[in-house]
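Accompanying notes for the structure given below.
The values are calculated or read from the model by the stated rules, or taken from the named source; none is laboratory data. A quick note: this is a predicted structure, and the numbers were derived from the prediction, not measured. With ideal geometry, Cβ positions are generated from the backbone for all residues, glycine too; neighbour counts draw on all protein chains shown. Ligands, DNA and RNA are stripped out before the accessible areas are found, and what is left, the full protein with its side chains, is counted by its heavy atoms. Shrake-Rupley method; radii C 1.70, N 1.55, O 1.52, S 1.80 Å.
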Amino acid sequence: MNILDFIKTIDGGSGASEENILLFEEEIGKPLPRQFRDFLKLTSGGNNDDCHVDGFEVAISYVGGVAKDSIHQLSEARNVYQVEDGFRIPKDLLWIMDDGCGNAICIAFCGDNEGQIFLWLHENEYLMYDKSGNNLLLDYTSQNAPNIEFVAKTFNDFIDKIELFDESEY
């Protein structure tokens, strides 16, 4: 699928302004990877019931954005996964979408894997704690976390893996 076809499947509004993107980049302390940044200019994110990621047992239900009218704000997801509850998602990753069941699609926004896409599996989140219940995630990155799966080298490669559900299979 291409980016414009994917955007048509999202029940959301128009893209973010440069100002909104810059404010979010200031919040995370880094510029966003270029391909994802360009995507944010085209859509505010929203709900999606039509797509899945080929090769992975994951649908795309929620798509994040930074526009003022985004119903799934990237900054709110960051607060849930990386601020309020500690680092549930490795610190080099940023939630950008999820499957509606707790599994997150993330983009690496810094480090050696910058721009790459990963799947964070909440079912294996328990692997992030030692026997005393201490969170070990501060030591994990997208390269070594036990509940992270590599999906694509770039955001555009990830978009290429998105397919519409084949309703004849259900």
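Stokes-Einstein diffusion for the chain, with the hydrodynamic radius set to the Kirkwood value over Cα pairs and evaluated at 25 °C in a medium of 0.890 mPa s, equals 152 µm²/s. For H52, the accessible surface of its heavy atoms amounts to roughly 40 Å² (probe 1.4 Å, protein chains only, rounded to the nearest 10). Rounded to the nearest 10 square angstrom, C110 shows an accessible area of 30 square angstrom against a 1.4 Å probe. Judged by the gyration tensor of its Cα atoms, with axes a ≥ b ≥ c, region 1-102 is oblate; a/c meets the 1.5 cut and b/c is at least as large as a/b. The portion of the accessible surface of the chain made up by carbon and sulfur, rounded to a whole percent, is 47 (1.4 Å probe; DNA, RNA and ligands excluded). Taking GluC sites (Glu not before Pro) across region 13-71, the ones in a DSSP loop with at most 11 further Cβ atoms lying within 10 angstrom of their Cβ are E57. Each Lys or Arg adds one and each Asp or Glu takes one away; over the other residues whose Cβ falls under 12 Å from the Cβ of E19, this sums to -1. Accessible surface ranking for M1, M97, 1.4 angstrom probe, highest first: M1, M97.
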